[in-house]
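To start, the structure under review is shown below, and the notes come after it.
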Amino acid sequence: MIRKFTIPIILLSFLLSGCRTYYQRQQEFSQLFRTGQIQEAADVLERDRRGAKRRTRLLHLMNMGVVHHMLGNYTQSNEFFEEAFILSEDQLRNPLDEALALFSNPNMTEYRGEDFEILMIHYYKAMNFIQLGNFEAALVECRRLNNRLSVLADRFPSDNRYKRDAFIHNLMGVIYEAAGDHNNAFIAYRNAYNIYQDDFSRLFGLGAPAQLKKDLLRSANRMGFRDQVEFYEREFGFSAPATMQPGHGELVFFLQNGLGPVKHEWSVNFTIVRGSGGRVDFVNEELGLSFPFYLGASGQSSGDLGDLRIVRVAFPKYLERKPLFTGANVRVQGKVQRLEKAQDINAIAFRSLEDRMLREMGNALLRLAIRQATEQVVRRENQNVGAILGILGAVAERADTRNWQTLPHSIHYTRISLPEGNHNLALEMLLPNNHTGRTVNLETQIRTGRTSFINYHVLDSRQPGAR
């Protein structure tokens, strides 16, 4: 009979080698990336021949897309992001993986990505197409973004969940306007403003940027929507901005600040309370939690769930990587313009995990209940083998700590009107005391009546969880 339990024991023994978090396993790449050694970080990914074959292949593709974007390899970057998008659309649940996850931990399943991570694939693709001068392709990504947002809205009817993204609609407006589609630009700006006011201010403490208000008013005025112009002028307390000066073009500057959070794990102790008819309850009185499970007829035996009365269950949690800089100014043509925060990826990550925490707890406890019940079946055949299985199962209890760790902490932006020609800009990164901590010199070319874009990522962040 012992032979029947050899495979589960071998599998659990193998799992013990994977007890590090995803962040810890990616240390070489993470260290190079966060210190700005992007080519070296790309080389690490390139040398990882199994990267596109592991259960974290989606993360591998998204990281490849980011590093090539930052290196200016926009076409190659989009190839990786498109592959990641197709993978996220086509992924089907593997029954064997799901079974192994229930017996061991969720890291045995294919990583499918958080909803906001999949949205950011389209953000990067749109930015790549903009840099390539292909606005039509960038608009395709806008439509993909819109479709994905519609799916989120249908999936989560509650008003207290992250299901609409103001920044993504704002980005759509910027791209539509740059492509000359002013009607759709107005609609996107209006949607963005409403979502900032209704969702983002409540969920993330992030209101509509002043630049968005100006863009919304300007687009309404351009379309001749006088009632909308008058409404928003009263709403905002200022008049519609003047149209672009003759001989001028515009620069839209996106600053990606810092690095997004990393997933870690935390654990909760639950007391097992046995009931009748195969029912057991996992209870934590301190947190006010109680999860019932029905284990079938075998659960009626007094020893079916083992001698343990208290068990540890692991759950994922995010650790913030606070940016070194709290904001930035752009200095050009003797003018200084502040970039405004338009997207808080860190806050969205925390909220998204919080929204599904009860489901995470339920899945983790189901996993534990199955392991405990299996252990007792083995114990009835062989006490020693059952004890070994219990120890290995306890050690294999891990949370899913995988996430896209090359995303920025937040995104700031501004729009600047400039005369045609080449311009030198100074990006002044601001410390918490509002003093300039670093200045980055950049160049841009402005063409009359056209919109130019800069997308720049400042990586400086504190270690995970540091204050």
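Worth pointing out:
- Only residues that are of a type in the set (A, V, I, L, M, F, W, C), part of a helix (DSSP H, G or I) and more than 21 Å from Asp215 (Cα to Cα) were counted across region 125-142, and they come to 3.
- Subset of region 171-207 (residues that are in a loop (DSSP other than H, G, I, E, B), free of Cβ contacts under 8 Å to residues at least 60 places away in the same chain and closer than 27 Å to Ala349 by Cα): Gly207
- If you go through region 30-81 and keep only what is out of contact with any Gly (no Cβ under 8 Å at 6 or more places or on another chain), under 21 Å from Arg402 (Cβ atoms) and charged (D, E, K, R), you end up with Arg34, Glu46, Arg47, Asp48, Arg49, Arg50, Lys53, Arg54, Arg55.
- Which numbered condition His122 misses (of (1) part of a helix (DSSP H, G or I); (2) surrounded by fewer than 20 Cβ atoms within 10 Å (Cβ to Cβ); (3) touching a residue at least 24 places away in the same chain (Cβ under 8 Å)): (2)
- Some residue of region 320-342 being in contact with a helix residue (DSSP H, G or I) (Cβ under 6 Å, 6 or more places away or on another chain), modelled with pLDDT under 95 and not in a helix (DSSP H, G or I): no
- Filtering region 217-228 to residues that are over 31 Å from the mean Cα position of the chain (by Cα), buried (at least 20 other Cβ atoms within 10 Å of the Cβ) and either of a type in the set (Gly, Ala, Ser) or over 29 Å from Gly133 (Cβ atoms) (or both) leaves only Ala220.
Residue-by-condition table, conditions (1) under 24 Å from Leu259 (Cβ atoms); (2) at pLDDT below 90:
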{"position": "Asp115", "(1), (2)": "yes, yes"}
{"position": "Met120", "(1), (2)": "yes, no"}
{"position": "Tyr124", "(1), (2)": "yes, no"}
{"position": "Leu132", "(1), (2)": "no, no"}
{"position": "Arg143", "(1), (2)": "no, yes"}
{"position": "Tyr162", "(1), (2)": "yes, yes"}
{"position": "Leu171", "(1), (2)": "yes, no"}
{"position": "Leu206", "(1), (2)": "yes, no"}
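- Count - residues of region 315-339 that are in contact with a strand residue (DSSP E or B) (Cβ under 6 Å, 6 or more places away or on another chain) and among the charged types (D, E, K, R): 4
- Pairs are defined by a Cβ separation below 8 Å, a sequence spacing of at least 6 or placement on different chains, a first member in region 66-78 that is among the polar types (S, T, N, Q), and a second member that is at pLDDT below 95 and surrounded by 20 or more Cβ atoms within 10 Å (Cβ to Cβ); no pair meets this definition.
- Region 161-216 - residue that is of a type in the set (Asp, Glu) and surrounded by fewer than 23 Cβ atoms within 10 Å (Cβ to Cβ) and, of those, farthest from Arg356 (Cα to Cα): Asp181
- In the set (1) surrounded by fewer than 19 Cβ atoms within 10 Å (Cβ to Cβ); (2) at pLDDT 90 or above; (3) among the acidic types (Asp, Glu), Asp307 fails one condition alone, (2).
- Scan region 211-268 for residues that are part of a strand (DSSP E or B) and within 23 Å of Met127 (Cα to Cα) and the total you get is 10.
- Pairing residues of region 314-328 that are in contact (Cβ under 8 Å) with a residue 24 or more places away in the chain and closer than 13 Å to Gly465 by Cα with residues that are of a type in the set (Phe, Trp, Tyr) and part of a strand (DSSP E or B), at Cβ distances under 8 Å and at least 6 apart in sequence or on separate chains, gives Lys317/Trp266.
- Considering only residues in region 257-278 that are β-branched (Val, Ile, Thr) and in contact with a Leu (Cβ under 9 Å, 6 or more places away or on another chain), the one that is farthest from Gln27 (Cα to Cα) turns out to be Ile272.
- Of all the residues in region 143-170, those that are farther than 16 Å from Leu212 by Cβ and either not in a helix (DSSP H, G or I) or not small (Gly, Ala, Ser) (or both) number 19.
The values are calculated or read from the model by the stated rules, or taken from the named source; none is laboratory data. The structure displayed is predicted, hence computed values, not measured ones. Here the Cβ is made from the backbone with ideal geometry for all residues, glycine too, and neighbour counts use every protein chain on show.
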